[in-house]
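The values are calculated or read from the model by the stated rules, or taken from the named source; none is laboratory data. Please read all numbers here as calculations on a predicted model, not as lab measurements. Backbone-built Cβ (ideal geometry, glycine too); neighbour counts: all protein chains shown.
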Amino acid sequence: MRLIMMGPPGAGKGTQATFIAEHFGIPAVSTGDIFRANVSRGTALGVKAKEYMDAGEYVPDEVTNEMVRNRIQEPDADKGFLLDGYPRTLAQVEELDTMIKSTGHALDAVVVLTVDQDEVVERLLQRALIDGRTDDTGDVIRRRQELYGEETAPLIEVYRDRGLLIEVDGMGQVEDVTQRIFDALDVVPQS
Ligand code: AMP
């Protein structure tokens, strides 16, 4: 399975991505997690990414694309992967198309979690208390939501046109959302 998990900041992508990936025996590739790991290790990539992340801006496409290209070439991604937080721009969509095509495979589905904006802000503020993420402050949350609307939400139509889109109600209990995703993916033929 080659899957993408989309949704606005705080929709629960990361949590659901972990469950879904485990179920299908594929790695969950979270660009946000990879960036954060690099920031905490103080790598060159981390230094580059940190200023963008802290401001709620997107890390430049060239940096992000190269990181994803390297990650999905690792052996554990041979049988597939679930991308969480990528692609986020139209340029990233094109780049991902090239990456997947070069392996002779195709995307199977794009899951979009739909959520209530107000509840999502509440979730993000809660997460800030638990995880201490430096980009979960009021101003930065707003900027991340704005960017999602401008740059990332348009990708939904791109994937809908390709017949790959699966919209799932992301509100309610975590396990209910997981079940909805499984039910929706059940009917997707695996490549
Ligand atoms: P996330 O954990 O997915 O919310 O990502 C946290 C931050 O990492 C984002 O606000 C961006 O600064 C950066 N980031 C993650 N994925 C991408 C991406 N696909 N393109 C550009 N920046 C990204």
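Laid out as a table, the results:
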{"read-out": "Meets criteria (at pLDDT 95 or above, more than 8 Å from the ligand (Cβ to nearest atom) and under 24 Å from Asp169 (Cα atoms)) for Pro87", "value": "no"}
{"read-out": "Test set (1) under 28 Å from Arg127 (Cα atoms); (2) away from the ligand (no atom under 11 Å from the Cβ); (3) part of a helix (DSSP H, G or I) - Lys101 fails condition number", "value": "(1)"}
{"read-out": "Filter pass, Val59 being within 10 Å of the ligand (Cβ to nearest atom), within 23 Å of Asp97 (Cα to Cα), in contact (Cβ under 8 Å) with a residue 24 or more places away in the chain and more than 13 Å from the chain's Cα centre (by Cα)", "value": "yes"}
{"read-out": "Options Thr18, Thr43: the member that is of a type in the set (S, T, N, Q), at pLDDT 95 or above, under 16 Å from Gly80 (Cβ atoms) and more than 9 Å from the ligand (Cβ to nearest atom)", "value": "Thr18"}
{"read-out": "Residue within the range 3-11 that is in a helix (DSSP H, G or I) and either within 12 Å of the ligand (Cβ to nearest atom) or at pLDDT 95 or above (or both) present", "value": "no"}
{"read-out": "Long-range neighbours under 6 Å by Cβ, at least six apart or interchain, first residue more than 15 Å from Lys50 (Cα to Cα) within the range 125-145, second part of a helix (DSSP H, G or I) and within 10 Å of the ligand (Cβ to nearest atom)", "value": "Ile141/Leu124"}
{"read-out": "Selection from the range 127-146 of residues that are modelled with pLDDT under 85, assigned to a helix (DSSP H, G or I) and closer than 10 Å to Gly10 by Cβ", "value": "Arg127"}
{"read-out": "Within the range 104-123, considering residues that are more than 21 Å from Val140 (Cβ to Cβ) and more than 12 Å from the chain's Cα centre (by Cα), the one nearest to the ligand (Cβ to nearest atom)", "value": "Leu107"}
